[in-house]
Amino acid sequence: MKPSHIEHLGIAVTSIDAAAPFFEFLSGEPCYKKEVVEDQKVITAFFKVGETKIELLEPTCPESTIAKFIEKNNGRGGLHHVAFNVENVAEALAECEAKGIQLIDKAPRKGADNLMIAFLHPKSTCGVLTELCEQPK
Ligand code: ZN
């Protein structure tokens, strides 16, 4: 596997509205996209830092995995996942599986910002939730 770059860093926040000014200051640019991802029960907001993005994740309900993550992190959230950009997520998943890496997603699914995505289990990735992303063709 040879990812081209870190596609984004996923950061869990309790409020995108409260967090956005800092990330706009840090990236030097306004948030370029805000999107609700229904099946993950989150609102996302994106900031560009060169080729890499910052993805803020705010839970839409207490059952959201992001809400549970924030709860476990002193109610404040923090770095949630690291996403690597690959040419083909399905092929990358097959490679990971062949290496014995535990997968969360057995097949690519649609993520925020039009990407095809899949997650690897933190048990196999040194405790860091890891996402593989493929750009829309
Ligand atoms: Zn992500």
Review point. So which residues in the stretch 13-43 are among the small types (G, A, S) and within 16 Å of T65 (Cα to Cα)?
Key: S15
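Yes/no per residue for (1) crowded, with 18+ Cβ neighbours inside 10 Å; (2) free of Cβ contacts under 8 Å to residues at least 60 places away in the same chain:
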| residue | (1), (2) |
| --- | --- |
| T44 | yes, no |
| V49 | no, yes |
| L57 | yes, yes |
| G75 | no, no |
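Any idea which of V86, V128, V82 is loosely packed, with under 13 Cβ neighbours inside 10 Å and of a type in the set (V, I, T)? Outline the logic, then answer.
Working: V86 fails: loosely packed, with under 13 Cβ neighbours inside 10 Å; V82 fails: loosely packed, with under 13 Cβ neighbours inside 10 Å.
The unique qualifying residue is V128.
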Revision key, fill the gap. If we keep only residues of the stretch 64-115 that are over 28 Å from A18 (Cα atoms), modelled with pLDDT of 95 or more and part of a strand (DSSP E or B), then the residue farthest from the ligand (Cβ to nearest atom) is L103
Practice item. Please work out which residue is nearest to the ligand (Cβ to nearest atom), limiting yourself to the stretch 10-39 and to residues that are in contact with a Lys or Arg (Cβ under 8 Å, 6 or more places away or on another chain) and either among the hydrophobic types (A, V, I, L, M, F, W, C) or over 20 Å from C133 (Cβ atoms) (or both). Key: I16
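The values are calculated or read from the model by the stated rules, or taken from the named source; none is laboratory data. On a predicted model such as this, the values are computed, not experimentally measured, just so you know. No Cβ is skipped: glycine too gets one built from the backbone with ideal geometry, and neighbour counts run over all protein chains shown.
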